[in-house]
Amino acid sequence: MKPKILNRNRLTERFLSRMDRQLTLVEAPAGYGKTTLLRSWYRHLKDMGAVTSWISVDPSVEDFTDALEAALATRARQGSHYPLGNAGPDNLSPWGAFLFIDDFQDTSSFASDWIGSLLQRREENLHIVIGTRLSPAIALAKLRLEDAVTDFGMDDLKFHRQEAEALFGEGFPLEKVHQYYDVAEGWPAALQLMVMSSARGHALDFGKNSASALDLGSYLNEQFLNSLSDAQNRFLVETAHLNPINGDLADYVRNSTDSWDTLASISQAHSLVYQQTEMDFGWYRYHQLLQDYLLRRQQSLGEEVRNDLRVRAAHWLNDHGRFYSASKLAMEANETELAERIILEAGGIEIGILHGAQRLEPLIDLLPLNWVNSSPRLSLARAYLLLKSGRTGEAQLLIQDARDNSNSDDRELQREIVLLEVHLRLYEDRNITRAQVSSLEYTAQNTPLKDQLRRGVLHNFLCLFYIQLGDLEKARAAGETAMALYSDLGCHHLIFFMNVNLSVVDMDLGDCAKAYKRRKIACQLQAEHFGHDANLSAIATIMLAESALEANEAVALEAPLIKALNDADSREGWSEVFLAGYETCLSMKLQTEGFRDAMSLVSQGEAMASRRSLQRFSRLLKILELDVAVRSGREAEARRLSGSVKLLLRETGDAKGFRWRSRLLARLGLTQFESRFGDPETAFDLSLALTLDCRRWGLRRYELRALVLNMIASVARSDTSGAATILRDALALGLRHNMQGAFIREGDRFGQAARTIVRERGVAGFSQDVLSFLSTLLSRVKDTDDPENILSEILTKKEFAVLSSLSEGNANKVIARALDLSEPTVKFHLQNVYRKLGVNSRKLAIELASHYGLGSAEEAPQP
């Protein structure tokens, strides 16, 4: 007999009234109807049209991971996730997305971290509903203070008397209902079992005992297990450790062929055994009350039989790709060697490389630390996890120990050592020589064709190391080779990283539109397949923010970028990621909050670099600090820092010397300093040399920065003729490659120099597109959305008035009469207008005026 399902309207109403909060937490012991309640809310929201996903947590990490990724991917496709905080499309459900997670007490620490990260990120339009028997290992104090959590506890879930009356039905004596209610103390499971027992004609007399004090095992035995056959009882006991369970698994473990029929017949008899939701179709679960009792009964089988049942289950689960579940059962059977073999046969560190550290970490955590450290390949897997969390020193010791004690005939071990050593070199931020890169290239070329993963990883790191050497064309070729190999493997995790790495090449070469596109693809991959991964989310947000700022699309960026930097600081990261994040965030802080907040961010970066022992990045922060001081007008601070940067530039050697990017940024910083506080002639010479070097190396992004500084220095030298040519070249380069960051970072200094040029030299030789681009930039540095009218900068008050009248189709005679001028004076002003605008006819002058919306409503410039 199935138990009666009671509508918990008072709880549902409270839940629905608080859907704007981030978390609903339903916490109570077994038997309080948590799953039934969550399922009723789930169905109700689906009927409302909300985006809903259901996850039942079980010992299988693979199931939890796949289910969580699927749920977040659904949400990403619905448009409710964007790393920079922009709103999704109009067709998103007005209620947002709901993620239901049942039996949360069974999650491992890594799963709790995922959910905790989702909550701390304060994802818009996402509401998480958790059912659990134990308090979750998630930091909730701050969320509760912010009124972002709705709590349902044991007292909330207890039946009220009226609900008990509805449960027993109208035909049941009210006095008896109240007696049962008092004995059960509102406990839903006990009341449900009393209803079922009464329906079978079994009179219950608990005396003075409460149901919570009863021997629940005896009660289950009487009410449920005694109604089953001996074979069904034996089935339940022998499979008590399998939750969830399906017929094929049970057949293998019990060496039988009838398990599917047995599961179906038991589940039809009672809801203590039930089929999973549609996401896990074909799998069954035992109610926690039943499983706890069955596991106690399983003790009677003896340790040898229990262990054999677990080992058989481990073999089946391993054969079906459920490596965590298999390893966990092997450990329960005290078969550590079997657990190790399962993990290594699944790939060892390859699990992390292919699918992310979050897949590998729970597997390694199953094994005793001394066992892991005694196994070279497991020790390397732990080293990989340490590298991904920024603990390079500890990882280096494990890698070195594995190399010193390895057997040269163990090819798999040697292969993994090579893969980890290239990771280590990147994360340690050490200089790499061309000879070392050539050696790595030789290794990649001689890797067997069938070993696509190793070839892909080696080409991936060749891409990164060639970027660090400044050989960007070779970096692109290596990156595209890695991308092709990863695409053949169908590995979203690695494709994510290659889109990030190739986008760095695109940005340096000035192809910012292509870089932006790659970074959007990386963000979509992260949202659809790794929405739980705070590490990938941080990298995606940082890189996309850099592109958005370069394209002048930095809307609502600062808060998510700061959160991403905090996440990256304590997780995976390398110099290109950290530089992109800190440089972008410093630019935004200078514009919105000023010098002190920007310097606080520099201090945060210094602490991170010190913690990770990143000597190069800590030196790079000195250059960024100089940039902050110059742009903030802090002359004394800038002079001190310029001296430090000059000393750093003189240093050479593998351990401390700057890479090409650091040297370029140092030269740009010193040029900025001279331009603002020093000698204009020196600034001009420095910026000209930089421009020519960047042009020769094909570094268009840095060339544009140098051009802007060269233009500002030319104006300071009173050479507005030369400055006009430089401005025109800079605007054409920026427009062609969608680069605006170089102009915006100089702010008012760029705006003042550009206005001086157009006032004194006009815009002859400037195309209409270039003039529109200049208008947009001048508006941006003035922090306004209205495009600036360049004509108001170029023309005098009289010339502006004459052109305005001309744009309305008036003849010279009409213009003269309207402005109280003579016709010769009108002609004189028109000649000046033609010269300054670079046109030679009335028609072209009118077209240009019309482009800027010039008319009688326009505000004339000041004389």
Original post:
How high is the relative contact order of the chain, in percent, counting Cα pairs under 8 Å that sit 6 or more residues apart?
Top reply: 8 percent
Original post:
Taking the Cα-to-Cβ direction at residue 155 and at residue 182 and moving 7 Å from each Cα, how far apart do the two end points lie in nm?
Top reply: 2.2 nm
**OP:** May I ask you to derive the FRET efficiency for residue 592 and residue 9 from their Cβ-Cβ distance with R0 = 45 Å, giving the value to the nearest 0.05?
**Re:** 0.40
Subject >> Helix axis angle, 595-612 relative to the chain longest principal axis, alpha carbon, degrees >> reply: 50 degrees
Original post:
Of all the Cα-Cα pairs you can form in region 533-609, what percent are over 22 Å apart?
Top reply: 14 percent
**OP:** Using only the C-alpha atoms of region 649-740, find the volume of their convex hull and express it per residue in Å³.
**Re:** 97 Å³
Subject >> Calculated [θ] (222 nm, deg cm²/dmol) that DSSP helices of n ≥ 4 give over the chain, each run adding -39,500 (n - 2.57) >> reply: -21000 deg cm²/dmol
Subject >> Percentage of interatomic Cα-Cα distances in region 620-678 larger than 20 Å >> reply: 19 percent
**OP:** Using only alpha carbon positions, build the gyration tensor of region 281-375, then give the equivalent ellipsoid semi-axes as the square roots of 5 times its eigenvalues, largest first, whole angstrom.
**Re:** 26, 17, 12
Subject >> On Cα atoms only, tilt of 323-332 relative to the major axis of the chain in degrees >> reply: 40 degrees
Original post:
Taking only the alpha-carbon atoms of region 693-782, what semi-axes of the equivalent ellipsoid follow from 5 times the gyration tensor eigenvalues under a square root, in whole Å, largest first?
Top reply: 18, 15, 13
**OP:** Tell me which residues come under 5 Å, amide H to amide H, from residue 126 once H is placed; ignore anything under 5 positions away on its chain.
**Re:** 97
**OP:** Take the Cα atoms of region 390-429, build their convex hull, and give its volume per residue in Å³.
**Re:** 53 Å³
Original post:
Where the accessible area of region 709-836 is counted over protein heavy atoms with a 1.4 Å probe, how much of it, in %, is carbon and sulfur?
Top reply: 45 percent
Original post:
Put a dot 7 Å past each Cα toward the Cβ at residue 611 and residue 175; how far apart are the dots in nm?
Top reply: 6.9 nm
**OP:** Measure nothing but the geometry: give the 0 to 90° angle between the long axis through the Cα atoms of 680-697 and the longest principal axis through the Cα atoms of the chain, rounded to 10°.
**Re:** 60 degrees
Original post:
Given 0.36 nm per residue, what is the gain on full extension from residue 295 to residue 433 after removing their alpha carbon distance, in nm?
Top reply: 43.7 nm
Original post:
residue 333: net charge of surrounding residues, Cβ under 15 Å, Lys/Arg +1, Asp/Glu -1, itself excluded?
Top reply: -3
**OP:** Using only alpha carbons, build the gyration tensor for region 790-852 and give me the equivalent ellipsoid semi-axes, biggest first, whole Å.
**Re:** 17, 12, 11
**OP:** Under a cut-off of 24 Å between alpha-carbon atoms, report the lysines in cross-link reach of residue 827, not counting same-chain residues fewer than 8 places apart.
**Re:** 797, 798, 813, 836, 843
**OP:** Give me the distance in nm between label points sitting 7 Å out from Cα along the Cα-to-Cβ direction at residue 256 and residue 409, one decimal.
**Re:** 4.7 nm
Subject >> Note, ³J(HN,Hα) from phi for region 721-738, Karplus 6.51, -1.76, 1.60, rounded to Hz, x at Gly and Pro >> reply: 5, x, 5, 5, 5, 5, 4, 4, 5, 5, 5, 5, 5, x, 5, 5, 10, 6
**OP:** Work out the FRET efficiency for residue 122 and residue 635 from their Cβ-Cβ distance, taking R0 = 30 Å, and round it to the nearest 0.05.
**Re:** 0.15
Original post:
Taking H as built 1.01 Å from N, whose amide H comes closer than 5 Å to the amide H of residue 52, not counting residues under 5 places away?
Top reply: 98
**OP:** Work out, step by step, the length gained on full extension between residue 814 and residue 736: first 0.36 nm times the residue separation, then minus their alpha carbon distance; give nm to one decimal.
**Re:** 23.9 nm
Original post:
Which whole-Hz ³J(HN,Hα) couplings does region 285-299 yield from phi under the Karplus relation 6.51 cos²θ - 1.76 cosθ + 1.60, θ = phi - 60°, glycine and proline marked x?
Top reply: 10, 9, 4, 4, 4, 5, 5, 4, 5, 5, 5, 5, 5, 5, 4
Original post:
What number, in nm² with one decimal, is the all-direction average of the projected area of the convex hull of the alpha-carbon atoms of region 393-456?
Top reply: 4.8 nm²
Subject >> Segment residue 450-residue 320, length gained on full extension (0.36 nm per residue, minus Cα span) >> reply: 44.4 nm
Subject >> Normalised per residue, the volume of the convex hull around the Cα set of the chain (Å³) >> reply: 203 Å³
Original post:
In whole angstrom, and with the biggest value first, how far do the Cα coordinates of region 469-539 range along each principal axis?
Top reply: 35, 24, 20
Original post:
Check residue 150: other-chain or 5+ apart residues with amide H under 5 Å from its amide H, H built from backbone geometry?
Top reply: 23, 24, 25
Original post:
Cα to Cα, under 21 Å, and not fewer than 8 places away if on the same chain: which lysines meet these conditions relative to residue 176?
Top reply: 4, 158, 208
Original post:
Highest mean first, what order results for 344-353, 535-544, 713-722, 574-583 on Cβ atoms within 10 Å?
Top reply: 535-544, 574-583, 344-353, 713-722
Original post:
What lysines could a cross-link reach from residue 589, if we take a straight Cα to Cα line under 27 Å and drop same-chain neighbours fewer than 8 places away?
Top reply: 142, 514, 517, 520, 563, 622, 646, 782
Subject >> Theoretical FRET efficiency, 1/(1+(r/R0)^6), r = Cβ-Cβ of residue 133 and residue 274, R0 25 Å, to 0.05 >> reply: 0.90
Subject >> For peptides 757-765, 299-307, sequence by mean Cβ density within 10 Å, most packed first >> reply: 757-765, 299-307
Subject >> Accessible area (Å², per residue) of the chain, counting only protein heavy atoms and a probe of 1.4 Å >> reply: 41 Å²
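The values are calculated or read from the model by the stated rules, or taken from the named source; none is laboratory data. Note that the coordinates shown come from a computational prediction; the quantities given were computed from them, not determined experimentally. Every residue, glycine as well, gets a Cβ built from its backbone with ideal geometry; the counts of neighbours run over all protein chains shown. With ligands, DNA and RNA removed, areas are computed over all heavy atoms of the protein, side chains included. Shrake-Rupley method; radii C 1.70, N 1.55, O 1.52, S 1.80 Å.
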